[in-house]
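Input: a single structure, listed below in structure tokens.
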Amino acid sequence: MRRNFPHPVMTALFLALTLAACAHHDVVPPVLSLDGHACADQFDLIGAKSMQPKDIATIPVDDHAPCWQSGDGTKSTYAAVHLPAATEPYLAQVASIPEDGHQLPPRLFIVDFQGNVLRQTSREAFLTHGVQLSASSRIYPGDYALIVASDPASIGAQSSQIVGTTRGSTTTVTSAGGTAAFTVHTGDERALNTISSYNGIVIVTLKPIPQSN
Amino acid sequence: MHHLRFAVVLAVLSLGLGGCVTPMTEIPFDRQAAPDIKTIGIITPKAPDDPAVILASNPGQSFGLVGAMINSGMQANRDSTFKAFLAQRNISVADTFLQNVSAGLVANGYKVTMIPALRNKAGFLSTYPASGGPDQVDAYLDLVTLNYGYVAAGILDKTPYRPFYLLNVRLVRANDPSAVLMTDAVFYNPINPPSNAISISPDPEYQFVDFDAVEANPDKAVAGLQVAVQKTAATVSGLLR
């Protein structure tokens with residue numbers, strides 16, 4: 001008999017393989033050198049990602065990310081964001097999150113429409129928040145774009161962060177007397193070891209400046 | 001009743017260290033945009049009177065109020081022991097912190113004045129001294145220490161006691177305190193570190209497998225807390241660089 005639909009077993013197998021493929025995670029190795037990369041001496045703002053007020057953008061900085069060579073000859077990968085026009089100052093929060101044991105050491109440049117640097121935030125000003133490196137900057141009317149660039153002086157540096165965590169897991173026990181649930185609280189600690197690399201994941205968040213807390 | 005009060009305090013502290021502290025939204029200081037801020041008045045900081053030595057997760061939490069009461073008693077013993085260690089060495093954590101913040105601000109080029117204030121509620125001051133007068137300052141620095149002492153994430157050897165220090169900080173313009181120039185949360189060795197507070201990783205030199213080890217090395221334990229205080233203070237002054 002000819003089947004018009006795939007056999008259920010084949011369908012299940014296909015779905016399982018598909019899900020397995022989705023669940024598979026290719027480890028992204030750290031990029032520790034930009035030798036051989038041709039880098040421009042100005043930021044490319046044409047390819048900048050456009051953001052609107054209150055937007056959150058997750059931007060991978062990988063092998064194909066644009067590359068900038070500064071006046072001293074050092075090279076940096078970077079992500080560019082075209083900022084929305086505004087009449088009032090607002091905040092841009094930039095975070096670099098660890099991925100597969102490496103993390104982009106960020107610097108932040110605010111530039112005008114010609115790519116001239118108006119203000120910058122150094123790598124040292126990016127502090128650990130949770131497991132990410134982040135810093136915020138005030139954005140003023142007239143600021144055109146935001147550049148998150150890797151800090152070449154930090155590439156290859158290793159860091160270790162001690163992170164303590166707690167969790168509660170609920171267990172249900174059933175007996176002749178009925179069912180009881182109780183929560184077991186446990187703690188853990190681990191060292192989060194990362195190496196600074198030219199690649200990584202950057203998250204840019206635009207938000208208004210809170211008036212008071 | 002006494003134990004019940006301790007149990008409530010313990011529950012609050014555990015929640016705080018468990019990541020349920022809600023830090024304020026970070027506002028960065030833009031020194032270039034505020035060149036008139038030259039003299040900073042440090043308001044009398046808010047801080048707990050005594051250190052806390054906290055087991056952030058423990059078996060007692062699984063046994064309701066009775067377990068909490070037992071743990072509160074154990075924590076009270078640890079707290080008083082560590083408090084005695086500080087007292088025996090004439091160390092005031094609040095003074096050490098204030099001195100370090102002040103020195104850091106001076107190193108950053110600010111003139112620093114201490115502004116006495118009564119603090120009878122938690123959190124930042126709701127009203128600041130009127131500007132002008134002999135203590136003329138350009139901005140007020142409001143420092144609120146949430147808690148400090150030692151904490152272990154759990155009871156196992158792999159979760160040792162380490163020093164911690166949790167702080168909220170705010171800088172407001174003296175002639176218009178509604179203008180928040182900077183605000184942030186600085187947490188040294190937070191358990192379950194939130195992504196909206198600065199997390200300072202603890203110095204691995206100062207770890208104690210259990211509280212017996214703390215008691216056996218009081219000088220080192222006190223030194224570890226002082227490192228926490230110094231690094232937290234340095235981070236605060238760094239935010240105003």
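Read-outs: derived from the displayed coordinates by stated rules, not from any lab. Predicted model, so just to flag it, every value in this text is computed and none were measured. Virtual Cβ from ideal backbone geometry, glycine too; neighbours counted across all protein chains shown.
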Elements of type strands (runs of 3 or more DSSP E) contained in region B:85-199, each with 3 or more residues being more than 14 Å from chain A (Cβ to nearest Cβ): B:111-115, B:139-152
Selection count, region A:173-210, where residues are over 30 Å from A:VAL31 (Cα atoms) and facing chain B (nearest Cβ under 7 Å): 9
Residue that is surrounded by the fewest Cβ atoms within 10 Å (Cβ to Cβ), among those in region B:110-150 that are acidic (Asp, Glu) and under 23 Å from B:VAL186 (Cβ atoms): B:ASP138
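Would you mind listing the strands (runs of 3 or more DSSP E) fully within region A:25-118 where at least 3 residues are within 14 Å of A:ILE201 (Cβ to Cβ) and either in contact (Cβ under 8 Å) with a residue 24 or more places away in the chain or of a type in the set (Asp, Glu) (or both)?
Values: elements: A:56-61, A:67-69, A:75-82, A:90-97, A:106-111.
In region A:25-118, A:56-61, A:75-82, A:90-97 are the strands (runs of 3 or more DSSP E) which contain 3 or more residues that are within 14 Å of A:ILE201 (Cβ to Cβ) and either in contact (Cβ under 8 Å) with a residue 24 or more places away in the chain or of a type in the set (Asp, Glu) (or both).
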Hits in region A:79-128 (condition: surrounded by fewer than 17 Cβ atoms within 10 Å (Cβ to Cβ) and closer than 15 Å to A:ALA153 by Cβ): A:GLN120, A:SER122, A:GLU124
Hey, B:VAL214 touching a strand residue (DSSP E or B) at 6+ places or on another chain (Cβ under 6 Å), away from chain A (no Cβ under 11 Å) and either free of Cβ contacts under 8 Å to residues at least 60 places away in the same chain or in a helix (DSSP H, G or I) (or both) or not: yes
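One line per residue, one yes/no per condition, for (1) under 20 Å from B:VAL93 (Cβ atoms); (2) under 14 Å from the mean Cα position of the chain (by Cα):
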position: B:PHE187; (1), (2): yes, yes
position: B:PRO194; (1), (2): no, no
position: B:ASP210; (1), (2): no, no
position: B:ALA223; (1), (2): yes, no
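I'd like to know if region B:142-156 contains one or more residues that are of a type outside the set (Val, Ile, Thr), touching a Lys or Arg at 6+ places or on another chain (Cβ under 6 Å) and under 21 Å from B:ALA47 (Cβ atoms). Steps first, answer last, please.
Kept after step one, since they are of a type outside the set (Val, Ile, Thr), are these residues of region B:142-156: B:142-143, B:146-150, B:152-154, B:156.
Cutting the leftovers down to touching a Lys or Arg at 6+ places or on another chain (Cβ under 6 Å) gives us B:142.
The next check asks that each one be under 21 Å from B:ALA47 (Cβ atoms); those that pass are B:142.
Yes: region B:142-156 contains one or more residues that are of a type outside the set (Val, Ile, Thr), touching a Lys or Arg at 6+ places or on another chain (Cβ under 6 Å) and under 21 Å from B:ALA47 (Cβ atoms).
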